[in-house]
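The block underneath contains the structure these notes are about, expressed in structure tokens.
The values are calculated or read from the model by the stated rules, or taken from the named source; none is laboratory data. Note that this is a predicted model, so its numbers are computed, not measured. Note that we place each Cβ from the backbone using ideal geometry, even for glycine, and neighbour counts take in every protein chain shown. In case anyone asks, the SASA skips ligands and DNA or RNA and just uses the protein heavy atoms, side chains included. Shrake-Rupley method; radii C 1.70, N 1.55, O 1.52, S 1.80 Å.
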Amino acid sequence: MSGSRRRRRRSLPYGRDVTASLVVFLVALPLCVGVAVASGVPAEQGLITGIVGGLLTGLLPGSSLQVSGPAAGLTVLVFETVQTYGLGGLAALVVAAGILQVLLGLARCGRFFRAISLSVVEGMLAGIGLVVIAGQLYTMADAAQPAGGLAKLAGIPHLLIAPPSWAALGIGCLTLAVLAAWPHAPARLRTVPGPLAAVAGATVLTAATGAGAARLEFSGLAEAVSPPGAADFALFGSAGAIGALLALTLIASAESLFSAAAVDRLHDGPRTDYDKELIAQGAGNTFCGLLGALPLTAVIVRSAANVQAGARTKAARVLHGVWLLLFAALLPWTLEVIPVTALAAVLVHAGFKLLPLRGLRALWRAHRGEAAILVTTALAIVTVNMFEGVLLGLGLSVVKAAWDTSRIQLRVHTAGTGTARVEMSGNATFLRLPTILATLERLPAHRAVELDLTALRHLDHACGAALVQWADRHNRTSEAHITYGTAVAPP
């Protein structure tokens, strides 16, 4: 009987997708609410973003198994935006970022986001993770967050020694303990997603003990919809708003497309069309902005849960949006019993997962330059801000790439008393010009010199002109001759 039931279940269309959608819904629910609270906006806005990620972005082509919604990686930027421009300004920025993503997708720029250095992306996520952890530790203890990443980090020791609410901190720490131990729990328990189990346990404990932890406030989805007004778009007259827009577009797009690449490695189905996925993310963000909700991005935790639960089509991610909508509409009172400290603990745990703790040591041993870029990007985000930290990381990666591709080998033959010979191979660029000129200037001024450039693969204008100038100077006391190869030409 049980075997026939299993066969009927497998024969039902979208049967696995329905099951997977329920799993994703249970994972997404606490994360949507937690990200909203961490971002400094009402919890309803996180749920609206999750619903849009399922019902709109989920229907559009791109990646069929990737799930979108509010992400921990955007909490820092969203929090700073709300503090600077208010909820209306955030809505205007999300609309503009969504439109920009759609335009980038139509221009077939989706593939180029994959060219961003992995060290910059990991450094960006690590920096975000550190700021999320530092900020949410204060929320766990029912304390106000200091302004700035360094101030948050500096205040943590005093916070842990003398928290404003030992009850809230204790419940938050127990929630963290459950999240950390859940992967090692028995298989039957692990059918319930860890975040849901941890938050549910914290809620029951808070109710049973009467602990004085702050509870979540939830007024309903309809009340949370607040479209931006015409005045809100006036913020784009400031350079700071333009920087925030570019940072939001870059981070949301890069995180979504890197997530798509990771999801593609988890299944054997159709591969992601990156341009269409970028358009889908842009459409979702445009709609989220018009509703006054949080920005969305593809989220690897929810996407991996979707694949691992057996999803086969986009029906799973669409249905997860349906379950979020029904839950928020029919059972909103259940959210009001959740202690805020438990949601903060979920975000602290998510922040730790953004830190590349295991991979950093191996990266340092194999590619120290890449490891330095990762750490520098993360520290810049913590100490300065998101946008400038990402720009610094991108700049360093470009400089490193230019330096690595400017490798040149110089072989000097000065034996005997005849013509000295200097052979160059590799790439001669202005970055290596000091080394090249220092080598040539050490040659005896009275000897003839032949510069053999036939093995060079590239000779830029600055380097070529400098070699000609050196040869002209050397010809005043002796003789210098330059032999060019087929790959390079005289400047």
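Overview of values
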quantity: Whole-Å distance, taken between Cα centres, linking the stretch 68-86 and the stretch 209-249; calculated: 8
quantity: Spread of Cα-to-Cα distances over 10 Å intervals beginning at zero, given as percent, for the stretch 137-279; calculated: 9, 19, 26, 31, 14, 1
quantity: Relative contact order of the stretch 227-306, pairs being alpha-carbon contacts under 8 Å that are 6 or more residues apart, as %; calculated: 40
quantity: ³J(HN,Hα) computed for each position of the stretch 79-92 - Karplus, 6.51 cos²θ - 1.76 cosθ + 1.60, integer Hz, glycine/proline x; calculated: 4, 5, 5, 5, 5, 8, 10, x, 5, x, x, 4, 4, 5
quantity: Environment charge of Val131, counting only residues whose C-beta is closer than 14 Å and scoring Lys/Arg +1, Asp/Glu -1; calculated: -1
quantity: Sulfur and carbon atoms: percent of accessible area, the chain [1.4 Å]; calculated: 65
quantity: DSSP loop trypsin sites (Lys or Arg not before Pro) with at most 10 other Cβ within 10 Å: longest gap in the chain; calculated: 1-187
quantity: Relative contact order of the stretch 265-422, pairs being alpha-carbon contacts under 8 Å that are 6 or more residues apart, as %; calculated: 9
quantity: Per residue, in Å², the accessible surface of the chain once ligands and nucleic acids are set aside, probe 1.4 Å; calculated: 45
quantity: Per-pair calculated FRET efficiency, R0 = 30 Å: Arg421 and Gln469 via Cβ, rounded to 0.05; calculated: 0.90
quantity: Pair Ile156, Thr19: separation of 7 Å Cα→Cβ label points (nm); calculated: 4.1
quantity: Two-site FRET efficiency, Ala448 against Asp404, from Cβ-Cβ distance with R₀ of 56 Å, rounded to 0.05; calculated: 0.95
quantity: Normalised convex hull volume, the chain, alpha-carbon set, Å³ per residue; calculated: 204
quantity: Radius 11 Å from Cβ of Arg407, net charge of other residues (Lys, Arg +1; Asp, Glu -1); calculated: +1
quantity: Summed residue charge, Cβ within 10 Å of Ala20's Cβ, Lys/Arg positive, Asp/Glu negative; calculated: +2
quantity: Residue-by-residue Karplus 3J(HN,Hα) for the stretch 156-173, coefficients 6.51, -1.76, 1.60, Hz, glycine and proline x; calculated: 4, x, 5, 4, 6, 7, 9, x, x, 9, 5, 5, 5, 5, x, 5, x, 5
quantity: Residue-wise HN-Hα coupling along the stretch 183-194, computed from phi with Karplus coefficients 6.51, -1.76, 1.60 (Hz; x: Gly, Pro); calculated: x, 9, 6, x, 4, 5, 5, 6, 5, 8, x, x
quantity: Relative contact order [Cα under 8 Å, 6+ residues apart], the chain, whole percent; calculated: 27
quantity: Burial ranking of peptide ranges 459-466, 159-166 (average Cβ count within 10 Å, highest at the top); calculated: 459-466, 159-166
